[in-house]
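Okay, so here's the structure we're looking at.
Nothing in this text is a laboratory measurement; each read-out follows from the coordinates by a stated rule. Note that the structure is predicted; figures quoted are calculated from it, not measured. Backbone-built Cβ (ideal geometry, glycine too); neighbour counts: all protein chains shown.
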Amino acid sequence: MPVVDTEKRTDKEFVEIENVTIRFAGDSGDGMQLTGTQFTNTSAILGNDISTLPDFPAEIRAPAGSLPGVSGFQVNFSSRDIRTPGDEPNVLVAMNPAALKVNLPDLEMGGILIINSDSFADLNLKKAGYERNPLEDGSLSAYRVISIPLTELNLNALKELGLGKKEADRCKNFFALGMMYWLYDRPLEPTLKWIQSKFQKNPLILEANIRALRAGYNYADTTELFTTHYRVRKANLAPGKYRNITGNEATALGFIAASQIAKRPLFYASYPITPASDILHELSRHKNFGIKTFQAEDEIAAITAAIGASFAGHLGLTGTSGPGVALKSEAIGLAVMTELPVVIANIQRGGPSTGLPTKTEQADLLQAMFGRNGECPAAIVAPATPADCFNMAFEAFRIATMFMTPVFYLSDGYLGNGSEPWKIPKSGELPRIEINFRTDPDGFHPYLRDEATLARPWAIPGTPGLEHRIGGLEKQHISGNVSYHPENHEFMVRLRAEKIARIANFIPEVEVFGKPEGKILVVSWGGTYGAVTSAVEIMQRRGKSVSSIHLRYLNPLPRNLGEVLSKFEKILVPELNLGQLQLLLRARYLVDAIGLNKVKGLPFKISEVVAKLEELV
Amino acid sequence: MSDNGHTKGKAAGLVDLKRQDFVTDQEVRWCPGCGDYSILAQTQKTLPDLKIPRENFVFVSGIGCSSRFPYYVNTYGFHSIHGRAPAVATGVKAARPELSVWVITGDGDALSIGGNHFMHAVRRNLDVNIVLFNNRIYGLTKGQYSPTSEFGKKTKSTPQGSIDYPINPLCIALANEATFVARSIDVDVKHLNAVLTQAAHHKGVSFVEVFQNCNIFNDGAFKHFTEREHREDRTINLEHGKPMIFGKDRNKGIRLNGLKLEVVTLGGSITEADLLVHDVHASEPNLAYMLARMDYPEFPVPVGVFRAVAKPTYDELMEAQVQDSISRMGPGNLEKLLNSGDTWVVE
């Protein structure tokens, strides 16, 4: 078996670089997501800052070799502090012609193009719509093409194992990964460890993957095709303990942490939907935290079961994406009327309708704000980065239980599937979540109000003397009895609105990145944080009067927002929708907010925001 | 009949409650003469006998006349949204298995808008009592036909007669392998009380269909077999371990002939030994399904308990998985969880 001996490596030149963006692309069955994830984890452990963008089709296996079947994984790793997966890949690994065709337009000019030449046969070229072989017609001359018979090399490396051709071929992604590890001077150990644990029960496949990985590494080391390899040093991250985490994992951990800190069991009810299902998978693995997960028969059952659990004193939670929220709307109204704490996690995707299930978008903000019958306010929070998902998931429950209200948690596919290093918080340093169930029957009424928060008491079944009835019909102030009285209805509508407005007294003020006044203020929310902040940083370095704020609380908005907005001549709101926050800001603050809008199922590039700012400044 | 010694939410100590303890201060707002009054009264009468502390009862309902029920029962109550009561109840019961959870629903609520939730609560064998008030009409919306209305029924929304074939609620419950299935009639208060009591004692999902007269929009819907003078001839009360005999003179019975049921008259060559003996514990629901399909005039309308079998419940299985995880992995440790996976330290 070929062994990597770090002492006896060939003497190829090392070049130090600051930042690299690689995109792995292949058929959806080629294991590109896994390859990318492994490369990411290894780079994170090595101490680089990282940011990732998985991009895959909604079909599990679209026809092999076809353009719709291409799956990609982009990873940006750096010795600097980075916030996005990178605008343009510096390196593209294309496992077949379709992957090349789909991804080449994004590769930077002069970028490295690593190609599996074995897959560039007539049939695959035809499926990808190439009339001539791009490896032979000079059309790739603007790039540094490294054409490798990867399929054959991989099969040769594994031939002694006696695996079937198909099974052996499935290891070729690890051959490619091994090459990339050599090229960017990464250790094999983290992936070897992963292979060991993953294929424990299948020693032959285990061995095959290890051999493929090592063979790829050694091939890159010895072949004349690579003359140089690169080093990306550790990033200068804040001191602390880190792990690499995806947004959806961080979301699940944030909810678990909220349950632990609140000392109330979490009840997660969900119907499988892309891209939210990972939260269900993750939470169902941690039942030893007293978590109950309920895979409901539909979206409506998921939210109503969560509401039932919340009525019974658990932390009721449901997770979904936009189409699921549409189905849950009536029940969210019920939670508003019954004033029960429930969190609705919406991992947004491209819409409307079924839309683009695996692509990202931020077009459900107004749905969360207004998508219900009647005057039906709910709180809204949104994480800024994959790691921030932990904080905001936690925050969603802090607000829900403190104010007895449904809270929307608006993540998106980009945040949920993307990953970055997460500075692990100390559990003892998390914010408090105080839950005090009402137990005293003396003077109890179900719709009594806390003076500061206007929250009603949480009186759970099993408490003697507090038997009461709630429901979707309008409630009489204090007594909670059904009331159709005109004055009472208006009073209650205003009271529910006031309760949500008061949350602003219990959330942080917004902080300005840059000078507190000037020409342009960029206002971002959700996953656009990285691209916007990086773009603003570039503008500031160019000496331009540009500042930014990022909103993690969308309803209510931070109490100092109006004042901050008033200090700038122009307000720019970049969003992955047609101007939803823009609309809210214009309505609320009467400011002439300008939109920068993109709805391509993809996040902003830094350069796109910079270009708009240059135009405005 | 079935009682596997289980009563949901039962307290260790003595609980001495009276019917009056389950009456709220809210004025009951059903139409005078509505069958709902009888079901409310019988439920309030049944509850004290269960010896469960009042605070451990939760009544969950959807939307419709019947769904106002929780406002009139002095326990914890949740008047939810249309059709979703079984799902709300799933959340309550799965979170807190020690509670006695009741779902109050109607034919439109459970079988039309909420058909999906009804079906899934039943097939999961969630340990709740589902009482379906079947009046074969939409009352609260003032008289449209319902999924249990007979074919051809003329209502405000079907002036030429309904072209929907009706659903049989018992068959839906049995098709989803309900572990307890029963039927009673609003006007037969003793029978209703007995059925509700058995339903409450059953561990697992208990489904009770109650024929309930809507005297405003569908008056007399069940009159042809519920009127005193016909009741014994036109209904049959299914009793566990007893031959299926009915009729004022107790001379008619149900016999299985090949794959079909038939009504026979006792006498001559036909004796009790030829009749079916009711077995609520039969593991296969097939015979219960055939019985549930019996209808007047070909057959007497069956009432009583059709099926009562034991099966682990959803809420206890869910709780068991939590306990199993704790014993395998130890109680959750947040610090450990946050620090799991590959970590590294930046100095």
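From helices alone, the protein assembly as shown scores -9500 deg cm²/dmol at 222 nm; the rule is -39500 (n - 2.57) for each run of n ≥ 4 DSSP H residues, then divide by the residue total. Taking every C-alpha pair closer than 8 Å and separated by at least 6 residues, the mean separation divided by the residue count of chain A gives a relative contact order of 12 percent.
With respect to chain A, whose longest principal axis is taken over its alpha-carbon atoms, helix A:32-45 is tilted by about 80°. Taking 0.36 nm per residue of sequence separation and removing the Cα-Cα distance, the A:Val15/A:Leu204 pair yields an extension gain of 64.3 nm. If R0 equals 51 Å, the separation of the Cβ atoms of A:Glu509 and B:Glu316 corresponds to a calculated FRET efficiency of about 0.55. A straight Cα-to-Cα reach below 17 Å connects A:Lys12 with the aspartates and glutamates A:Asp185, A:Asp221, A:Glu224, residues fewer than 8 places away in its own chain not being considered. Pairs B:Lys93/B:Lys242; B:Lys51/B:Lys93; A:Lys193/A:Lys263: which exceed 25 Å Cα-Cα? Violating the 25 Å limit, Cα to Cα: B:Lys93/B:Lys242; A:Lys193/A:Lys263. With a 10 Å cut-off around each Cβ of A:305-318, the average count of Cβ atoms from other chains is 6.
Packing, taken as the mean count of other beta carbons within 10 Å per residue, orders the peptides B:115-122, A:163-170 from highest to lowest as B:115-122, A:163-170. Note on region A:74-117 and region A:207-222: Cα centroid distance 22 Å, given to the nearest whole angstrom.
For the ranges B:83-89, A:555-561, what's the packing order if you count other beta-carbon atoms within 10 Å of each residue, average per peptide, and put the highest first? Could the numbers behind the result be given before it?
On the way: B:83-89: 31.9, A:555-561: 18.6.
Sorting B:83-89, A:555-561 by mean packing, highest first, produces B:83-89, A:555-561.
Taking the C-alpha atoms only, the angle from helix A:247-262 to the longest principal axis of chain A is near 40 degrees.
Classify region A:6-232 as rounded, prolate or oblate from the Cα gyration tensor: take a ≥ b ≥ c as the square roots of its eigenvalues, call it rounded if a/c is under 1.5, otherwise prolate when a/b beats b/c and oblate if not.
Values: a/c = 1.31, a/b = 1.05, b/c = 1.25.
It is rounded, given that a/c, with a ≥ b ≥ c, falls under 1.5.
Per residue of A:236-243, how many C-beta atoms from partner chains lie within 10 Å of its own C-beta, taken as a mean?
Averaged over the peptide's residues, the number is 4.
Put the Cα centre of region A:482-511 next to the Cα centre of region A:256-288 and the gap is 29 Å.
Rounded, prolate or oblate for the protein assembly as shown? Axes are the square roots of the Cα gyration tensor eigenvalues, ordered a ≥ b ≥ c, and the cut-off for rounded is a/c under 1.5. Provide the component values of the computation, followed by the final result.
Values: a/c = 2.42, a/b = 1.71, b/c = 1.41.
Cα axes put the protein assembly as shown in the prolate bin.
Principal axis analysis of the Cα atoms in region B:46-131 yields extents of 34, 27, 19 Å, listed in decreasing size.
Per-residue mean of foreign Cβ neighbours for B:57-66 is 2 (Cβ atoms of other chains, 10 Å radius).
One quarter of the convex hull surface, Cα atoms only: what value does that give for region B:110-215 in nm²? Mind dumping the intermediate values first?
Working: hull surface 26.9 nm².
Computed as one quarter of the Cα hull surface, the answer is 6.7 nm².
For region A:219-245, backbone nitrogen atoms closer than 18 Å to the point 7 Å from A:Lys159 Cα along Cα-to-C-beta are found at A:219.
For chain A, the longest principal axis of the Cα atoms and the long axis of helix A:299-311 meet at an angle of about 50 degrees. Only Cα pairs under 8 Å and 6+ residues apart enter the sum, and on that basis the relative contact order of chain B stands at 16 percent.
Sorting check: for B:23-29, A:368-374, which peptide has the highest mean count of neighbouring beta carbons within 10 Å, and how do the rest follow?
On the way: B:23-29: 12.4, A:368-374: 16.6.
Going from most to least packed, we get A:368-374, B:23-29.
For region A:172-239, the square roots a ≥ b ≥ c of the C-alpha gyration tensor eigenvalues yield an a/c of 1.5 or more together with a/b not exceeding b/c, which makes the shape oblate. Rounded to the nearest 20, the Cβ-based charge dipole of the protein assembly as shown about its Cα centre (Lys and Arg +1, Asp and Glu -1) stands at 640 debye.
Pairs of Lys residues in region A:518-616 are counted when their Cα atoms are under 20 angstrom apart and they lie 8 or more places apart or on different chains; the count is 12.
Calculated from the alpha-carbon coordinates, region A:459-560 shows an Rg and a Dmax of 22.2, 67 Å respectively.
Between B:Asp21 and A:Glu474, the simple label model (points 7 Å from Cα in the Cβ direction) yields a spacing of 3.6 nm. Here the contact order of region A:105-255, divided by its residue count and restricted to Cα pairs under 8 Å and six or more residues apart, works out to 21 percent.
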